[in-house]
Amino acid sequence: MNTQPIRFFHRGRTVQVSAAHPTRTVLDWLREDARCTGTKEGCNEGDCGACTVVVGELESPPGGSPRLRLRSANACIQFLPTLNGRALFTVEDLKTIAGGNLHPVQQAMVDCHGSQCGFCTPGFVMSLWNLYERHLHRPAGAAAGRPTRQQLADELSGNLCRCTGYRPILDAGQRMFDLPPVALETIPVLQALADLQQDGGFNYSAAAAHLPEAVGRIDHFHSPSDLAELAALVVRKPAARLLAGGTDVGLWVNKQFRDTGDLIHLGNVPELTRIEERDGHLCIGAAASLEAAWRALACRFEGLTDVWLRFASPPIRNMGTMGGNIANGSPIGDSAPVLMALDALVELRKGTATRRLALKDFYLDYMKNQLADGEFLQRMLVPLPAPASAPATAASPAPGAAAEPARHLRAYKISKRYDSDISAVCAAFAIALQGDTVESVRLAFGGMAAIVRRATQTEAILTGRPWSQESIALARDALALEFTPLTDMRASSAYRLEVAQNLLQRFWLETRNADPLPAHATSVWSVMPHDLTSDS
């Protein structure tokens, strides 16, 4: 395959890069090659937000005009070739956008004293600018109100500040909308991105001089543009590393100095980024972003909004993919417990052949799964609840007909830090109740074993029993026999087991037929002193 240069839009022009290694990060290129040093290196693993940039992509909706989609991203773990055909915005761009003046986001930070040492400030500014632009260019018919203080906090959950604190930064997030608006002129960007689009896949190669043992070797970055091309490439190069969002692979390079070898990028295959309803399932393409996938799930199933917003941070959810989270198979990944509780299937592909299996059967052991050489995860399929059908002539079921079972779903994330943290335990529970009797139940746990798995013995004990405190007591005892969690830096074995048992108790309290606890009764925010949650 012929190698091509990396081409993307930056600082008002198209940039072309030909010599960078495929795993060179956007952050290193910005600071060392482009000399744009506003973007900072903090943790170098996507946790602190000092390196936040905004990536723009050309979208061409069916029947609509091309538009620019902006997403915040962590430059420290994004590989430079993934920018091909896209636009990169950094804090240096804001002065240009504002005609040589401070942008309203920057001016608000000054007015509200939102910066002290200033190291984290460019990252905060770029996260706020992404929200600012999204608000100014919101679709017709969208709510006209400004983001609430809590929505601002959610948007900034991936940005850490160690000296100023967050109150003045949130103040600036509100203040920026009071200033005269300054919007990005998107037409030149859209024209540049249209010129960068190409037919067929993108292939890039460079010498692997970044590691002593790899000197003289040529590493390849392949980015296919359709599913058939991808499938053929994976069969031809089964040893190549599949790269989706890079939120984990980026750490292999930055922190473990691992040699990735050839990379096959999934982010430019439209079939893999698609989310759609088909044949009674929500079909989530393996390269759909975590943000899009979680949004689709939370819109269709109760009880998932909290775990969606607490999954990492907006930049990580924008970059990472749910398929990558599932295929990676971390025992503390938060997607797998939820999808297992929803009885999801995974669709695997090798060449032109596909096969499906239940997600609960996909994992074999720690970081081992059912994927064969040359095979990849194509999509996840989540069964959708059947639409309720009202009786034709009466409000009650026909004589002798069984009433539809009451179904409940909850997901719980336990971590040391509320936002943007790795789970000690993640649990997702789904139950169908026929009156007071458990018709079916699925209890899925992450952080309790070498793999994410369901508590099948505990499920069997609950099935057919009354949904009662006595049954929960039996389930708690059964859970202690099913799992022997490990002790690590996040939690002890005893703590994990007690938390898992307590979550069963909470689930029952929230879903029991008699006097279930309302949402506000289980929210930490509802019992906080008013002055900690108000806008004052």
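The values are calculated or read from the model by the stated rules, or taken from the named source; none is laboratory data. Nothing here was measured: the structure is a model prediction, and the numbers come from that model. Ideal geometry is used to build each Cβ from the backbone, glycine not excepted, and the neighbour counts take in all protein chains shown.
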Would you point out which residue out of 208, 192, 239, 288 is of a type in the set (Gly, Ala, Ser) and in the same structural domain as residue 69 (by TED's automatic domain parsing)?
192
Take the residues in segment 208-256 that are touching a helix residue (DSSP H, G or I) at 6+ places or on another chain (Cβ under 9 Å), of a type outside the set (A, V, I, L, M) and part of a strand (DSSP E or B), then tell me which one is surrounded by the fewest Cβ atoms within 10 Å (Cβ to Cβ).
241
For residue 481: the one exception among (1) farther than 24 Å from residue 359 by Cβ; (2) exposed (fewer than 15 other Cβ atoms within 10 Å of the Cβ)
(1)
In segment 427-452, how many are crowded, with 22+ Cβ neighbours inside 10 Å and closer than 22 Å to residue 365 by Cβ?
9
Name the one entry in 49, 85 that is modelled with pLDDT of 95 or more, out of contact with any Cys (no Cβ under 8 Å at 6 or more places or on another chain), assigned to a loop (DSSP other than H, G, I, E, B) and on the phi > 0 side of the Ramachandran plot.
85
Looking only at segment 430-461, how many residues end up being touching a Cys at 6+ places or on another chain (Cβ under 9 Å) and either of a type in the set (Gly, Ala, Ser) or at pLDDT below 95 (or both)?
3
Screening 491, 500 for residues that are outside the structural domain of residue 175 (by TED's automatic domain parsing), in a helix (DSSP H, G or I), modelled with pLDDT of 95 or more and among the small types (Gly, Ala, Ser) leaves only 500
So for segment 394-409 (the condition being modelled with pLDDT of 95 or more, in contact with a Phe, Trp or Tyr (Cβ under 7 Å, 6 or more places away or on another chain) and either in the same structural domain as residue 512 (by TED's automatic domain parsing) or not β-branched (Val, Ile, Thr) (or both)), does at least one residue qualify?
yes
Residue set 295, 300, 310; condition within 22 Å of residue 411 (Cβ to Cβ), among the basic types (Lys, Arg) and buried (at least 21 other Cβ atoms within 10 Å of the Cβ); output residue 310
